[in-house]
Structure formats: C-alpha cells, structure tokens
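Colleague: Submitted below is the structure of interest, expressed as structure tokens.
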Amino acid sequence: MKKLLSLLTITFLFASCSKTIDEAYLVPKDAIGVMYINLESLSKKSQDLDFSKLSINTIIEDKAPEEIKDFVNQLMTQDNINNTFRKEYILGFGSFKRMSGVGGLILPIKDAASFEAFIKPMIDKLSNLEKEDNVGKDNAYTVYSDREFAIGYNDKTALIIGANNYAAAELKDLTDLERQESILATNYFDDFFDTKQDIGVHVTSTPLGDTFDGILNAFSGFDIDLENNNITYYGSFENDHLHTDTKLKLNNDIKSLIAYDKWMTTSYSKSMLNALPNDPLVVTKMSIDFEAFYEHIVSLQDNKLLPVQIREELKKNMERSDREASKEIGMTTSDFTALFDETIMFALTEGKTVKDSVYSYDYYSREESYKLIEKKVPNMYGAIAIKDKSKVSNFLSLIKEKGAPLQEISKDYYRVDNEAFVVITDDLILITNDEERASQMKNNGQLTNNLSDFKHKDKLSHSMYVYSKGNIGAITNDFSSSLTNMFNPYGRYNTYDSNNAMSKLSETSNELYEKYYGEIHYFVDVDGSESFLYTKGGKNSLIQSIKYGDELAKTMSTFEDDLKEEEVTEEVIEEIIEIEEVEETTN
C-alpha cells in the first residue's frame, strides 16, 4: 500500500495546475506540519524532459512486483491522469491526536465517477476495505477504509488518510470542518502559501504546546511556552540552480534560552582571506561573539524558565570550570573567550598524494597479500581571529609548559604532534597540516596564493557561510576518513572486498553527483538559512535533478544485483571452507 501511495504521489508531480488552493479548508487547524506542491510550475519546468526514456521505466518493468507493474501500465498514463484530476495543488498534512499521528494527502479531482474508475483496480485488489456511501459533509462522500487507511472522495476532492486507528472517522471529520477549525484560521497560513515556490513546508509547535506545556512543567520543572515556534521551508527549481529558503520564528521563551540574536554576528576581517588558499574545495565562515555567547551561558543561571536544579548545577559547573582554568592556564573562562575575535574560517583543498599499504586475504588459498597504493590526503586550513597576539602567544607557551604536544619551531610558530602546524599573526591563528603554506604564513604574514580575490566575498556577510565546489558530503567524508592515518605512510588496514558492491555504489554515486551538480552555497543568519545548489553547465535544475535521481535508481538496481552475486559468492566460499575443515578433520 505504501508503495502504491508513493507512486500515486509521484504521478501527480508531473500534472499541470492553476494557482488556487481551494482544498485548504480540509487541513485541520491543529496540523503540526503542512506542505504543498506547486504542480503548475513543476510541469512547466519539466516539459522538455521525455519521461518515457527514463531508466525507472525499465526497472519497474524488470523488477517491480506485478501489482505495481499493473498500476503503472494501466493507471499511470497521461490520459488517465488528465481525465481524473483537476489541475491544482497537492496538499499534505500531519497532526497529533490521541497520542498518535494522523496524516493525509488532499487531491483535486474532476468528478467522483472518474476517480472511482481510476482507483477501482487498486480497490479490487484490497478486498479487506469497507465501503461507505453518502457519508461526510452533505452526505456527499464515498469512503473505502480499513482501520489505518482511508480513501474518500466527493465530486470535487479526494482525501487519502493514514491513522493509527479510526482512519475513516478522521477522514469524515475533515470533510465537515468549519473555517475556524481549519488551517485558514491560523496566523501563518496566508504568509506561508507562496505561489512563486515549487514546494512549501510549514512546521509549528503550537498544537504540541497545547498538549505538553503542563506535562513538561509537572514532570521536569520547565516553565516554557511551547507554542508559536514556526519553521517554514521553501524549495524551488530555478533555471540553473536549486534554491531553498528556511525561515525560523521562535517565541520569546525559546529565544531567551538560545539568544542566538545576541551572539551570532556577521562580521569578518578581510585579512583572514590571506590565510586561506586560493584553490579550496570547501570554504566555511562562522561569526560568533564568543564573549557574548559566554555571557548568555552565564545568564541562564538566573533564567527561571529552567528548573532550579538545572540552574544550580550550571552555576556550580561554571564556578568549578573557572577554578580549574585559573589553576591550569592562569585565566578564567571569561578571560579565555576574550582572546578571540568574532570569526572562524576553514578551508579544505585537494592536498597531496601519500603512500599506503592495503591488506587483503584470499579465502580460497588462505594467503595474505599486501599492495602499496597512493591516495589523496586533503589539506585543511583553520583561521581563528584574535584580539591580542601577546596574550595568545603567552597562552600557547603556557600550555606547552603544561605538557601540550607543541614543538616550537620559532617564535609564534609550532608543530603539533608531527601532524599539524600553528602560526600566530597579529590578528589570527592559522592551524594547518600543510607545512609549506604554514611557512609562507610565518615568513610573509599571508599565503603566496591566497583567497583575497574570492569571487563570492559578498556571501561572507552572513553569520555562517559554506561553499563547496562539489559533493560536500563526499569531500568531508574523504577528509575525516584520512585524518586517522594522515601522516602514516605505511599504515595497514584490511580491505578485503574493497571493490565490493557498496564501494562501487559510493564511488558511482559521487561521480553522478559531480556529473549533474557544481557549486553549492549555504548560509545561515538569525532568521533562517538559504542554499543555492548550481547545476553543471547552468542546465534546468528540475530536469537535472530528475535525471540524477533516475541514474541513481539505476545504480541502486545494479547494486542490488551485485550484492546478490556477492552473497552467492560468500556462500560458496563458506561451503568450500566447511568442506576443507571436514576433510582436515577426517584426515
């Protein structure tokens, strides 16, 4: 059933539609989450794509269960869809009732008869569904249901409802909502629905606040208003990029606990770009007022929204932290935060090639083997803005005396555990594993080829900014996996089955991503975040995303085949080993 519903939803994504949202009155006011899909814009943006040539069609034909094949071949035709559905928006929602979830989709249809004909093949195969006629508002709905699933329709609208129990009753109640009981009566709906966006999602805490405010206070002592916290997400497929926009609106209680508007800043020093290389794969910038952040943590000791036991424990821990810091490094926590200015920047480059050894074991011959390989180890550069060079220098000298693994190369230039280098300048600390560029920074006060001409400097004005040339997930994963043996040229690790299906899947997935997508820009401010994911060659982002998903599905299908072959091979190996062990025992 879930697969059928998913396919049904996918089908709707490629119908065309108008700019009305007549079915909004069917979404309950107490919905925690609401979403809409702008089918008109998606249809126009994908009109140059020939869906019949996608690999997913062959995959369904070759591997899908017969019921899904029948559903696709008999029902998911363009004519059938056009004859059944009106051309408007899809709405979805999720709510929380009776300590369990209720969710549904709301679909515009042309008339009851066409929708009945559309779902009949599916209904015929679900013999356990109960049918009710002339129910719901004005006795105009027909409903098919079991305990957890219901599908109902009148001459204008179809609803698909999932619930833990009483799905049909939930559906019928929705058809009879008054305006003041629907989402139309909320204080966010009008602002939320934006026809310029392809997808919109809104999540609110208000319904949960109604339920849990008192419970939270009674059992934990938190005196927090949980209502009126809202997150709105929009996604849009633009000509050459995917754009997402997330807006955050919190109530005063939650704001007082987080206070991000007090310690999140937007400042940065342009000189920090001189400490980063001009060829980065990844650049990250974060602006935090460390002193303001510390002051906020201190203020929580008197914030009566928190239970008294939490406030008292926080006070004790901070006092203990100050005592220990004063003893160990000669300054309090507050003094330590005052060393730093408001910006941290980080960059990652492709790095260098190092040697490594690969160990494998042949279960047929029971022989071990080793192979020398070369692999890329990325270089990392972290720059932290400072306020007082002398105090930072004294601090590093002090922790070195206390036993920190620092080797002083020259004044304000250290090697850390033979794996990284630290350089202190007048306005920043540079930490890197690139010895050549660390020396440049020490000798010249900047890198020879630096990021001062970064073409995206305008985006550094955000509180947090992340730039990546390619698949940031793959880049950072490669970096983190290499950290453990970055400077161990002959480290041994077992890569038996290193060319197995999972490795091939990961490699192919990364190649596909690089084929379709290029730069990504992501930034965060006090009121939310935005991202821009650009396509290769500035191509239509929706079509590129569909093609990427299609090739990924094909890759997954091949992965499943390879996995089955590996499982068969492993079974054969195990049988051979068992036979050999029996023969050895016998002999």
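Colleague: Checking residue 285 against (1) of a type in the set (D, E, K, R); (2) part of a strand (DSSP E or B); (3) under 30 Å from residue 187 (Cα atoms); (4) touching a helix residue (DSSP H, G or I) at 6+ places or on another chain (Cβ under 8 Å): exactly one of these is not met. Which one?
Modeller: The number of the failed condition is (3).
Colleague: Answer yes or no as to whether residue 144 is open to solvent by 50 Å² or more (accessible area, probe 1.4 Å) and under 16 Å from residue 104 (Cα atoms). Quick ask: steps written out before the conclusion?
Modeller: Numbers: open to solvent by 50 Å² or more (accessible area, probe 1.4 Å): no; under 16 Å from residue 104 (Cα atoms): yes.
So residue 144 does not fit the description; no.
Colleague: A further question on this structure: Of the residues 195, 206, only one is open to solvent by 50 Å² or more (accessible area, probe 1.4 Å) and out of contact with any Leu (no Cβ under 6 Å at 6 or more places or on another chain); which?
Modeller: Numbers: 206 fails: open to solvent by 50 Å² or more (accessible area, probe 1.4 Å).
So the residue among 195, 206 that is open to solvent by 50 Å² or more (accessible area, probe 1.4 Å) and out of contact with any Leu (no Cβ under 6 Å at 6 or more places or on another chain) is 195.
Colleague: Another question, then. Quick one: residue 266 ticks every box in (1) more than 23 Å from the chain's Cα centre (by Cα); (2) β-branched (Val, Ile, Thr); (3) open to solvent by less than 50 Å² (accessible area, probe 1.4 Å) except a single one, so which number is it?
Modeller: The single condition residue 266 does not satisfy is (3).
Colleague: Separate question: Taking only pairs six or more apart or across chains, which ones have beta-carbon atoms under 6 Å, a first residue in region 107-128 that is within 19 Å of residue 88 (Cα to Cα), and a second residue that is assigned to a helix (DSSP H, G or I)?
Modeller: 109/115; 114/83; 114/84; 115/84; 118/84
Colleague: Considering every residue within region 100-110, establish whether at least one is in contact with a Ser or Thr (Cβ under 9 Å, 6 or more places away or on another chain), open to solvent by 20 Å² or more (accessible area, probe 1.4 Å) and within 28 Å of residue 44 (Cα to Cα).
Modeller: Yes: region 100-110 contains one or more residues that are in contact with a Ser or Thr (Cβ under 9 Å, 6 or more places away or on another chain), open to solvent by 20 Å² or more (accessible area, probe 1.4 Å) and within 28 Å of residue 44 (Cα to Cα).
Colleague: What's the total number of residues in region 411-425 that are closer than 17 Å to residue 344 by Cβ and either open to solvent by 50 Å² or more (accessible area, probe 1.4 Å) or assigned to a strand (DSSP E or B) (or both)? Reasoning before the result, please.
Modeller: First, the residues of region 411-425 that are closer than 17 Å to residue 344 by Cβ: 420, 422-425.
Pick out the ones that are also either open to solvent by 50 Å² or more (accessible area, probe 1.4 Å) or assigned to a strand (DSSP E or B) (or both) and you get 420, 422-424.
Result for region 411-425: 4.
Colleague: Does region 251-273 include one or more residues that are free of Cβ contacts under 8 Å to residues at least 24 places away in the same chain, within 21 Å of residue 387 (Cβ to Cβ) and among the hydrophobic types (A, V, I, L, M, F, W, C)?
Modeller: No, because not a single residue in region 251-273 is free of Cβ contacts under 8 Å to residues at least 24 places away in the same chain, within 21 Å of residue 387 (Cβ to Cβ) and among the hydrophobic types (A, V, I, L, M, F, W, C).
Colleague: Please pick out the residue among 577, 546 that is open to solvent by less than 60 Å² (accessible area, probe 1.4 Å), at pLDDT 85 or above and either in a helix (DSSP H, G or I) or out of contact with any His (no Cβ under 7 Å at 6 or more places or on another chain) (or both).
Modeller: Details: 577 fails: at pLDDT 85 or above.
The unique qualifying residue is 546.
Colleague: Checking residue 233 against (1) open to solvent by 60 Å² or more (accessible area, probe 1.4 Å); (2) within 30 Å of residue 439 (Cα to Cα); (3) touching a Ser or Thr at 6+ places or on another chain (Cβ under 6 Å), which test does it fail?
Modeller: For residue 233, the failing item is (2).
Colleague: Name every residue in region 32-83 that is at pLDDT below 85, crowded, with 17+ Cβ neighbours inside 10 Å and either of a type in the set (Ser, Thr, Tyr) or touching a Pro at 6+ places or on another chain (Cβ under 9 Å) (or both), in order of residue number.
Modeller: Selection gives 71, 75.
Colleague: On to the next question. Taking into account only those residues within region 289-309 that are in contact (Cβ under 8 Å) with a residue 60 or more places away in the chain and either in contact with a strand residue (DSSP E or B) (Cβ under 7 Å, 6 or more places away or on another chain) or surrounded by 15 or more Cβ atoms within 10 Å (Cβ to Cβ) (or both), which is farthest from residue 395 (Cα to Cα)?
Modeller: The initial filter retains those residues of region 289-309 that are in contact (Cβ under 8 Å) with a residue 60 or more places away in the chain, namely 304-309.
Okay, now just the ones that are also either in contact with a strand residue (DSSP E or B) (Cβ under 7 Å, 6 or more places away or on another chain) or surrounded by 15 or more Cβ atoms within 10 Å (Cβ to Cβ) (or both), so 305-306.
Working: 305: 37, 306: 35 Å.
Per the stated criteria, the residue is 305.
Colleague: While we're on this one: Give the residue, chosen from 117, 169, 113, that is open to solvent by less than 50 Å² (accessible area, probe 1.4 Å) and among the small types (Gly, Ala, Ser).
Modeller: Details: 117 fails: open to solvent by less than 50 Å² (accessible area, probe 1.4 Å); 113 fails: open to solvent by less than 50 Å² (accessible area, probe 1.4 Å).
On inspection, the qualifying residue turns out to be 169.
Colleague: So residue 334 fits all but one of (1) surrounded by 16 or more Cβ atoms within 10 Å (Cβ to Cβ); (2) closer than 26 Å to residue 428 by Cα; what number is the exception?
Modeller: Evaluating residue 334 over (1) surrounded by 16 or more Cβ atoms within 10 Å (Cβ to Cβ); (2) closer than 26 Å to residue 428 by Cα leaves (1) as the failure.
Colleague: While we're on this one: How many residues are in a strand (DSSP E or B) and hydroxyl-bearing (Ser, Thr, Tyr) when one looks only at region 505-541? Full working, then the answer.
Modeller: Taking region 505-541 as the starting set, the residues that turn out to be in a strand (DSSP E or B) are 517-525, 528-535.
When the remaining residues are screened for being hydroxyl-bearing (Ser, Thr, Tyr), the result is 517, 522, 529, 531, 534-535.
Qualifying residue count for the region: 6.
Colleague: Still on this structure, please answer the following. Tell me whether region 360-382 contains one or more residues that are modelled with pLDDT of 95 or more and surrounded by 13 or more Cβ atoms within 10 Å (Cβ to Cβ).
Modeller: Within region 360-382, the subset modelled with pLDDT of 95 or more is 381-382.
Filter once more, so that each one left must be surrounded by 13 or more Cβ atoms within 10 Å (Cβ to Cβ): 381-382.
Within region 360-382, one or more residues are modelled with pLDDT of 95 or more and surrounded by 13 or more Cβ atoms within 10 Å (Cβ to Cβ).
The values are calculated or read from the model by the stated rules, or taken from the named source; none is laboratory data. Model, not experiment: these values are computed from the prediction. Cβ coordinates were reconstructed from backbone atoms using ideal geometry, including for glycine residues, and neighbour counts include every protein chain displayed. What goes into the accessible areas is simple: the full protein's heavy atoms, side chains included, and nothing from ligands, DNA or RNA. Shrake-Rupley method; radii C 1.70, N 1.55, O 1.52, S 1.80 Å.
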